[in-house]
Amino acid sequence: MAKLEEGKFEAVNGSPPRLRIGLFVTCLVDLMRPSIGFAAVKLLEDAGCMVEAPVQTCCGQPAYNSGDRGTTRDLAQRMIETFQGYDYVVAPSGSCAGMIKKHYPELFEEDPNWRVKADALAAKTYELTSFLVDVLGVTQVDATFDGAVTYHDSCSGLRELGVKTQPRKLLSSVKGLTIVEMNDSDVCCGFGGTFAVKYSDISGAIVDAKAKNIGASQAPTLLAGDLGCLMNMAGKLSRDGKPIEVRHVAEILAGMTDEPGIGLAKEAARAK
Amino acid sequence: MNVHSTSPQFKQNATRALHDPQLQKALNNVKQGFIDKRKSAADKLPEFEALRDAAHDIKNHTLEHLDLYLEAYEEKVKASGGHVHFARNADEAREIILSICRKADAKTVTKGKSMISEEIGINHYLEANGIRPIETDLGEYIIQLRNELPSHIIAPAVHLNATQVEQDFRRVHTHLDAKRDLSEPVQLLTEARAVLRERFLAADVGITGANFLVAETGTSIIVTNEGNGDLTQILPKTHIVLASIEKLVPTLEDASQLLRVLARSATGQEMSVYTTFSTGPRRSADADGPANYHVVLIDNGRSAMLGTSFEEMLRCIRCGACMNHCPVYHAVGGHAYGWVYPGPMGAVLTPSLIGVDKAGHLPNASTFCGRCESVCPVRIPLPKLMRHWREREFERHLTPASVRSGLGLWGFFAKRPALYRFATRAAMATLGFMGRQRGRFRWLPLAKGWTAYRDFPAPQGETFQARWQRERKGRTA
């Protein structure tokens, strides 16, 4: 159970109101790795929040970064309406949270009615670890993980939202876990959404450099806060035959590591 | 006409670059050298972030009143005895430069490093008209010998190694002893200095660029590390300054603020070795200087950017920090971009100058990692501007058909949550089942780009929303 700083949210120990969180699970987590979403739910509930996951699709970032503002606006309006009733909106992704926080307001620059709503959503939307640390004041989690991990700073979380110390702070409270920093942890892994497919040669070269830095850290486990980057790095590491377990940071923080690492089969995980 | 571009072949250029081991080794130096030096220079100056804000404000203010500052600058240059020529495009600029050279009866012209001169292709034009241009910046001199474009805006020959330079020198400097030792870089430097020294003395006209033009005084400022710029502009009888119109700053005070961020962002130096101010031709009491002083102010597409979302790009002071920090530049180098300006600044500027139909790949070939913006001394939102180009392409239906139809299909489902949940539930169940043995795919239909370099992790099978509904039914609205 995560502990709140004493006195910060008295309501947790006493009577409601508890914070009502809308979990923006993100489309990748929804489709590819729901266990990350459930880890996020556990972390938020442990911290005393009430978590709901309204029916949702995608924030629109793929359309936005492909230059399709029309589709992006449609999806953004849907998101704004879906999440308007919550105290906070939390996503286990710096990239998707960044889309809402930094880009939604810009998307409705010339539409004052929607701009107000976009601003309101932006103000209450957070990346998971930053919400736990910066908003709830969580300083430790009740989890155990034996071994060394290395942490990749995904670009949008790092540069759009300032997510850098928060995951490390929480990880350092996990019993048995040590953090080994890789070189260039803040350099892009080469994912970039559709970039990875459109410019696959370049993306392949960038993730190659990243995989070398991960390998050189000697840590048997790689963590990050964005599933897109994780799938890119995990896919590269497994293609290169490097036995490094890849997980979302929330899985470790929630102590939910029963599911095999990204790109590993259930059978293989059991055999370990 | 601007110089020829291979930007439409960006993908092929990039693939070739990725398979060039010599280039890859050279690019490693960019990765290691510039980044640490910039960081340590920035860290040492407590007001560095505030200076970036000031630099941003100075350039924005100037751009808002560019017409006034251009006029003020012109007046001051004239008052100091110089001439100002306005060129709307590359053709006009080349004509003007040629006619000045002809008037000076020029046979050879020395040149300081100038990106705008690359943009207008002045070297080839002068050569075609019987005038010999000689680049005097060491890197520029080397790439001129090789008939290449610069691969970096401040380190034009960064793609080369010493052995390649030695070969070029042996090929061109045939008047020297064929058996001379050129195995050490310093020997290459000494040879270039000796060769260039004669050229400096023989030149009839010197052409330099300008880092800043000061409206208040009619001064042009260049920063160099080799001193070649000074010899280029002081020794010949005629000095021509080439500058694009956004180089203007209002005052000397403004210029010095910008100088404080320029070298730190570029090479990590507090100041470059030489910072040279020139104001008009030699006065009677001056010890040296040119008898004739010309400034060619070149628009070549800039004024069309004013008042558009790309105006912010005109703040650029050409430090190169964006490319020094760019993972794509690190991977493929500058030549892959196919024109004069590489890296993130090139990805925004090039479509403005040669057309997004030709340079469309450039703003797309970015992961939007944002590192460029995080180091830009004038805070240009480079990823945002690249995204603006993607929007223009999408509006003009220049986006590849496969991307458009993929996006369209995805958008169709994403706008219909019930259908989306139904379809994704089925798709993930299938994919999850297919991938259950290995946990990943080495190959997937329609994902060739992905699986060429990495496996595709299999989904867990049940979607989050399906499981949530199953487990928490009744608990949520």
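The values are calculated or read from the model by the stated rules, or taken from the named source; none is laboratory data. In this text the structure is predicted, and so the values were computed from the model without any measurement. So basically every Cβ, Gly included, is an ideal-geometry build from the backbone, and we count neighbours across all protein chains shown.
How about region B:4-42: which of its residues are among the charged types (D, E, K, R) and either more than 13 Å from every other protein chain (Cβ to nearest Cβ) or not in a helix (DSSP H, G or I) (or both)?
Matches in region B:4-42: B:ASP20, B:LYS25, B:LYS37, B:ARG38.
Any residue that is more than 9 Å from every other protein chain (Cβ to nearest Cβ), within 28 Å of B:THR15 (Cβ to Cβ) and surrounded by fewer than 17 Cβ atoms within 10 Å (Cβ to Cβ) - is there at least one of those in region B:457-475?
No: region B:457-475 contains no residue that is more than 9 Å from every other protein chain (Cβ to nearest Cβ), within 28 Å of B:THR15 (Cβ to Cβ) and surrounded by fewer than 17 Cβ atoms within 10 Å (Cβ to Cβ).
Which of the residues that make up region B:419-447 are facing chain A (nearest Cβ under 8 Å) and exposed (fewer than 13 other Cβ atoms within 10 Å of the Cβ)?
Within region B:419-447, B:GLN437, B:ARG442 meet the criteria.
Among the residues of region B:125-139, is there at least one that is in contact with a helix residue (DSSP H, G or I) (Cβ under 9 Å, 6 or more places away or on another chain), among the small types (Gly, Ala, Ser) and assigned by TED's automatic domain parsing to the domain that holds B:SER265?
No, region B:125-139 has no match at all.
May I ask you to list pairs of residues, at least six apart or on different chains, whose Cβ atoms are under 8 Å apart, with the first in region A:12-26 being closer than 13 Å to A:ASP87 by Cα and the second being of a type in the set (D, E, K, R) and at pLDDT 95 or above?
Close Cβ pairs (under 8 Å, with a partner that is of a type in the set (D, E, K, R) and at pLDDT 95 or above) amount to A:LEU19/A:ASP87; A:ARG20/A:GLU52; A:ARG20/A:ASP87; A:ILE21/A:GLU52; A:ILE21/A:ASP87; A:GLY22/A:GLU52; A:LEU23/A:GLU52.
Taking the condition under 19 Å from the mean Cα position of the chain (by Cα) and not aliphatic (A, V, I, L, M), does B:GLY268 pass?
Yes; evaluated as a whole, the condition is true for this residue.
Please tell me if B:THR350 is of a type outside the set (A, V, I, L, M), more than 10 Å from chain A (Cβ to nearest Cβ) and farther than 29 Å from B:ARG52 by Cα.
Considered against the rule, which asks whether it is of a type outside the set (A, V, I, L, M), more than 10 Å from chain A (Cβ to nearest Cβ) and farther than 29 Å from B:ARG52 by Cα, B:THR350 comes out as no.
I'm trying to understand the selection: among the residues of region B:434-467, which are farther than 20 Å from A:PRO243 by Cα, in a loop (DSSP other than H, G, I, E, B) and touching a residue at least 24 places away in the same chain (Cβ under 8 Å)?
Within region B:434-467, B:GLY461, B:GLU462, B:THR463 meet the criteria.
Do any helices (runs of 4 or more DSSP H) entirely within region A:170-272 hold 1 or more residues that are without any contact (Cβ under 8 Å) to a residue 60 or more places away in the chain, and if so, which?
Counting at least 1 such residues, we get A:195-198, A:200-216, A:227-239, A:266-271.
State which residue pairs qualify: first residue in contact (Cβ under 8 Å) with a residue 12 or more places away in the chain and inside region A:103-131, second residue surrounded by 21 or more Cβ atoms within 10 Å (Cβ to Cβ) and aromatic (Phe, Trp, Tyr) in any location, beta carbons under 7 Å apart, and separation of 6 or more residues or different chains.
As it stands, the answer is A:HIS103/A:TYR64; A:ALA118/A:TYR104; A:LEU121/A:PHE83; A:LEU121/A:TYR104; A:ALA122/A:TYR104, since those pairs meet every condition given.
Yes or no: region B:83-95 includes at least one residue that is in contact (Cβ under 8 Å) with a residue 12 or more places away in the chain, out of contact with any helix residue (DSSP H, G or I) (no Cβ under 9 Å at 6 or more places or on another chain), of a type outside the set (Asp, Glu) and farther than 25 Å from B:TYR329 by Cα.
Yes: region B:83-95 contains one or more residues that are in contact (Cβ under 8 Å) with a residue 12 or more places away in the chain, out of contact with any helix residue (DSSP H, G or I) (no Cβ under 9 Å at 6 or more places or on another chain), of a type outside the set (Asp, Glu) and farther than 25 Å from B:TYR329 by Cα.
For region B:32-78, name all the residues that are in contact (Cβ under 8 Å) with a residue 40 or more places away in the chain, among the small types (Gly, Ala, Ser) and more than 26 Å from B:ALA155 (Cβ to Cβ).
Once the filter is applied, which keeps residues that are in contact (Cβ under 8 Å) with a residue 40 or more places away in the chain, among the small types (Gly, Ala, Ser) and more than 26 Å from B:ALA155 (Cβ to Cβ), region B:32-78 yields B:ALA54, B:ALA72.
Within the group B:THR350, B:THR308, which residue is of a type outside the set (Lys, Arg), modelled with pLDDT of 95 or more and in a loop (DSSP other than H, G, I, E, B)?
Selected residue: B:THR308, the only one of B:THR350, B:THR308 that is of a type outside the set (Lys, Arg), modelled with pLDDT of 95 or more and in a loop (DSSP other than H, G, I, E, B).
When you go through (1) within 20 Å of B:PRO8 (Cβ to Cβ); (2) of a type outside the set (Val, Ile, Thr); (3) touching a residue at least 60 places away in the same chain (Cβ under 8 Å) one by one for B:ASP357, which number turns out not to apply?
(3)
Mind counting the residues in region B:169-205 that are more than 14 Å from B:PRO133 (Cα to Cα), assigned to a helix (DSSP H, G or I) and of a type in the set (Lys, Arg)?
4
Among the residues of region B:399-417, count how many are facing chain A (nearest Cβ under 7 Å) and either over 12 Å from A:THR72 (Cα atoms) or assigned to a loop (DSSP other than H, G, I, E, B) (or both).
4
Just checking, does region B:357-369 include any residue being on the phi < 0 side of the Ramachandran plot, part of a helix (DSSP H, G or I) and at the interface with another protein chain (Cβ under 8 Å from one of its Cβ atoms)?
yes
Among the residues of region A:156-169, what is the count of those that are crowded, with 20+ Cβ neighbours inside 10 Å and part of a loop (DSSP other than H, G, I, E, B)?
1
Given the criterion surrounded by fewer than 17 Cβ atoms within 10 Å (Cβ to Cβ) and either closer than 13 Å to B:ILE317 by Cβ or in contact with a strand residue (DSSP E or B) (Cβ under 8 Å, 6 or more places away or on another chain) (or both), identify the matching residue among B:THR224, B:THR251.
B:THR251
Within region A:172-192, how many residues turn out to be more than 8 Å from chain B (Cβ to nearest Cβ) and among the small types (Gly, Ala, Ser)?
The number of residues fulfilling the criteria is 4.
Can you pull out every residue in region A:111-147 that is among the small types (Gly, Ala, Ser) and at negative phi?
Residues satisfying the conditions are A:ALA118, A:ALA120, A:ALA122, A:ALA123, A:SER130, A:ALA143.
Inspect all residues belonging to region A:29-52 and state whether any of them is more than 10 Å from chain B (Cβ to nearest Cβ) and without any contact (Cβ under 8 Å) to a residue 24 or more places away in the chain.
Within region A:29-52, one or more residues are more than 10 Å from chain B (Cβ to nearest Cβ) and without any contact (Cβ under 8 Å) to a residue 24 or more places away in the chain.
What helices (runs of 4 or more DSSP H) completely inside region A:57-155 contain at least 1 residues that are facing chain B (nearest Cβ under 10 Å) and surrounded by fewer than 18 Cβ atoms within 10 Å (Cβ to Cβ)?
In region A:57-155, the matching helices (runs of 4 or more DSSP H) lie at A:69-82, A:104-107.
So which residues in region B:370-383 are more than 8 Å from chain A (Cβ to nearest Cβ) and either within 20 Å of A:GLN61 (Cβ to Cβ) or part of a helix (DSSP H, G or I) (or both)?
Once the filter is applied, which keeps residues that are more than 8 Å from chain A (Cβ to nearest Cβ) and either within 20 Å of A:GLN61 (Cβ to Cβ) or part of a helix (DSSP H, G or I) (or both), region B:370-383 yields B:CYS372, B:VAL375, B:PRO381, B:LEU382, B:PRO383.
Would region A:174-192 turn up any residue that is aliphatic (A, V, I, L, M), crowded, with 19+ Cβ neighbours inside 10 Å, within 26 Å of B:HIS19 (Cα to Cα) and modelled with pLDDT under 95?
Looking through region A:174-192, none of the residues is aliphatic (A, V, I, L, M), crowded, with 19+ Cβ neighbours inside 10 Å, within 26 Å of B:HIS19 (Cα to Cα) and modelled with pLDDT under 95.
Kindly evaluate B:THR308 against the criterion of being surrounded by fewer than 22 Cβ atoms within 10 Å (Cβ to Cβ) and free of Cβ contacts under 8 Å to residues at least 24 places away in the same chain.
Yes; evaluated as a whole, the condition is true for this residue.
Quick one: which of B:TYR329, B:TYR341, B:TYR337 is more than 14 Å from every other protein chain (Cβ to nearest Cβ) and crowded, with 24+ Cβ neighbours inside 10 Å?
Unique residue meeting the criteria: B:TYR341.
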